[in-house]
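The values are calculated or read from the model by the stated rules, or taken from the named source; none is laboratory data. Every value quoted in this text rests on a predicted model; they were computed, and no experiment measured them. For neighbour counting, all protein chains shown are included, and Cβ atoms are generated from backbone atoms with ideal geometry for every residue, glycine included.
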Amino acid sequence: MPESTNQPEPERSRSAVRSLLRLWPYVKPISHRLFGSAGVAVVASCLALLIPLVLKWIVDGPVAHRDPSGVWLGGGLVLLLGLLEAGLFGVRRWLVARPMAGLEATMRADLYHRLQRLPVSFHDRWGSGQLLSRATNDLQILRMFLTFPMVFLAVNTATIVAGFGILFVQQWSLGLILLVPVVPLVILCSYFEARYQVASRTAQDQVGDLTTLVEESVLGIRIIKAFGRHRSQAEAFHRQSRELRGTELRKARLLADLWMVIVGLPDVALGAALVLGVVQVADGGLSAGTLVAFLSTALALRWPVESLGWLLSFSNEAATAADRVFEVLDTEVPPETGKGTSTGTGTGTGTAEEGRPADGIRFSAVRFRYPDAPEGTPDLLTGIDLHIRSGETVALVGATGSGKTSLTSLIPRLYEPTGGRITLDGTDAALLTRSTLRSLVATAFEEPTLFSAGVRENVLMGAPGADEADLLRALEIAQCDFVHKLPQGVDTQVGEQGLSLSGGQRQRLALARAVVGRPRFLVLDDPLSALDVHTEALVEAALRQVLSTTTALVVAHRPSTVMLADRVALLSEGRITAVGTHQELLTSSAAYRRLMSGQDGSTPAAPDRPQFEGSSTR
Ligand SMILES: Nc1ncnc2c1ncn2[C@@H]1O[C@H](COP(=O)(O)OP(=O)(O)OP(=O)(O)O)[C@@H](O)[C@H]1O
């Protein structure tokens, strides 16, 4: 199982600000709330800065003049300012909580829709865990950043500027001492920021890889158990966990160094200001109240200054999260219609015309290579010419790895051909919109995937507009009588979080899904794979029914599937090298005989041999 993904290497050096600015289109609709909350936070922080001024008044006034009523008044004022500050911070939260949850939901919806629209070749390249972590972890980081760190970066900077203003007014010489650490702090912060940025990206990518591994271990638990692969899976898990732990520790070390500097330098400066201030009070050059106010203001500025380290590191993580999310959102969705060549009867309008002469499926000089195939590898399909007549079923056979599945996936344009043309009843498939194309072509894959939903939803997924009558018809055609005996009939939950169905039951439900929309064309990828003899007979019966209603291309690995077809096409070295009935090919093609007898080592045929040597095709 792959442990790392093949997605493009991200750009490691980038401006965090530029990355975060990309969030603006999402922030814009709620910017009034965000700015409002920042304004409220600035007012709250400034109220906190007034407290030292009240203290100065208390010390130099009522305390110096031994006036208890003045002390009570000052105390009440401090309490009032504290309550106001707390209340305003509460209002700030209230202002942003709901819009931020909405922003996260909108971004997640956009990401999800983009993932749904991106081609299969994109999903081939990206590990599912990487996508999962972007849709969950990274979006959560972004919401948290916009709610708190972004606002407080601005608020704390404003508070620091206002606080220093107050310090300078109170005693400029002491204020200057506190300013001394600013230059080394800025230099050290930018040094840490650059290193933290790299560590943060590495950690977030490693979380994605680890998510992929855990997901695969859960989904593939049967195989892991069956092959006793616990140990190797556990080793891979521990290795990736250790790597992630190492990166997190590196981040923690960087953060610890940053905190040490951010806390240490101002404290040294504060100590120096305290000593100098006490000397000035002793000399009579400064009132005790002013020194108390100065130190209280400086202490009130500790949190805004100290928090800068954490806020900067979080901002970096948010910038990384934004990069990772936009890497997906920026991936271009291929155009709806490709660069097909209009045939004499092709419409080019993206719709399929009713009443078009039923020509079936035609492959003309179709070429294909996977977008991620290594440089220099030859095309997988090098010129496919094949005509499946309307109403006909053609079985596609070939050695393992010859490209059968790849060929069938070109019909619904899960991949785009790199050359040639596929026409459906005379219309170039490349000129149809994907939605039109997929309403014409239904597919049942080798692995019948069911979703965590009821039988009804799983089957109707094949035709969103279909009704109850269509559902029952499809279930009947696909021989899914067993459904009615399930605890809640067609409403029984199946799939990952539902009732476990047998392989044959899943195959038949996948067939029902394929036929529920009465598709004009049907593509089946080895629909009898891995079935026991009894189940195979049931699915075969279902298939016969299904195939009689449509034009079909069926990938066949075993002779019993071949027997369902009218004709057989042999795929070899990227081309269709022979077409004919089963009997014709047995007579005329040595390669076909070898394939059917299993002598090429790819197709097990022995148990079915007596069957396919008979003459009937369907
Ligand atoms: N997504 C992909 N990216 C790159 N190469 C791929 C991809 N999928 C399949 N291939 C390669 O294309 C070749 C043909 O694969 P394909 O699955 O079409 O063969 P097949 O004839 O259906 O095989 P089988 O009979 O074993 O199912 C193989 O060499 C495979 O490694």
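Quick notes on this one:
- Residues that are within 13 Å of the ligand (Cβ to nearest atom), of a type in the set (V, I, T) and at pLDDT 90 or above, drawn from region 383-410: I384, V397, T405, T408
Residue-wise test of (1) without any contact (Cβ under 8 Å) to a residue 40 or more places away in the chain; (2) within 22 Å of A395 (Cα to Cα).
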site: L472; (1), (2): yes, no
site: V483; (1), (2): yes, no
site: L501; (1), (2): no, no
site: V515; (1), (2): no, yes
site: L524; (1), (2): no, yes
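- Within region 97-129, restricting attention to residues that are touching a Lys or Arg at 6+ places or on another chain (Cβ under 8 Å) and touching a residue at least 40 places away in the same chain (Cβ under 8 Å), the residue that is nearest to the ligand (Cβ to nearest atom) is L111.
- If you go through region 192-245 and pick out every residue that is closer than 25 Å to S15 by Cα and either touching a helix residue (DSSP H, G or I) at 6+ places or on another chain (Cβ under 9 Å) or part of a loop (DSSP other than H, G, I, E, B) (or both), you end up with 17.
- Here G61 meets each of (1) part of a helix (DSSP H, G or I); (2) free of Cβ contacts under 8 Å to residues at least 24 places away in the same chain; (3) away from the ligand (no atom under 16 Å from the Cβ); (4) not aromatic (F, W, Y) with one exception, condition (2).
- One residue alone among V96, V169, V120 is surrounded by fewer than 16 Cβ atoms within 10 Å (Cβ to Cβ) and more than 30 Å from T202 (Cα to Cα), and that residue is V169.
- Yes/no for F227 being free of Cβ contacts under 8 Å to residues at least 24 places away in the same chain and aromatic (F, W, Y): yes
For (1) within 20 Å of A256 (Cα to Cα); (2) under 22 Å from the mean Cα position of the chain (by Cα), each residue gets a yes or a no:
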residue	(1), (2)
L295	no, no
A300	no, no
P304	yes, no
L308	yes, no
L311	yes, no
A321	no, yes
F326	no, yes
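- Boolean, L564 is out of contact with any Asp or Glu (no Cβ under 8 Å at 6 or more places or on another chain), at pLDDT 80 or above and crowded, with 21+ Cβ neighbours inside 10 Å: no
- Looking across region 355-382, just one residue is without any contact (Cβ under 8 Å) to a residue 12 or more places away in the chain and either more than 16 Å from the ligand (Cβ to nearest atom) or basic (K, R) (or both), and that is G355.
- Here region 518-559 is the region considered, the condition is being of a type in the set (G, A, S) and surrounded by fewer than 21 Cβ atoms within 10 Å (Cβ to Cβ), and the residue that is modelled with the highest pLDDT is S548.
Residue by residue, here is whether (1) over 21 Å from L475 (Cα atoms); (2) more than 13 Å from the ligand (Cβ to nearest atom); (3) of a type in the set (A, V, I, L, M, F, W, C) holds:
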position	(1), (2), (3)
P417	yes, yes, no
L424	yes, yes, yes
R434	yes, yes, no
T443	no, yes, no
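Condition check ((1) within 30 Å of A469 (Cβ to Cβ); (2) touching a Phe, Trp or Tyr at 6+ places or on another chain (Cβ under 7 Å); (3) part of a helix (DSSP H, G or I); (4) of a type in the set (A, V, I, L, M, F, W, C)) across all residues:
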residue	(1), (2), (3), (4)
L524	yes, no, no, yes
E536	yes, no, yes, no
A541	yes, no, yes, yes
V546	yes, no, yes, yes
V568	no, no, no, yes
I576	no, no, no, yes
E584	no, no, yes, no
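- Residue within region 140-161 that is without any contact (Cβ under 8 Å) to a residue 12 or more places away in the chain, part of a helix (DSSP H, G or I) and within 30 Å of the chain's Cα centre (by Cα) present: no
- Residue pairs whose Cβ atoms lie under 9 Å apart, sitting 6 or more positions apart in sequence or on different chains, and linking a residue in region 383-406 that is within 12 Å of L570 (Cβ to Cβ) and in contact (Cβ under 8 Å) with a residue 12 or more places away in the chain to a partner that is acidic (D, E) and within 15 Å of the ligand (Cβ to nearest atom), are A399/D600; S402/E573; K404/D525; K404/D526.
- Residues (crowded, with 24+ Cβ neighbours inside 10 Å and part of a loop (DSSP other than H, G, I, E, B)) located in region 422-445: L432
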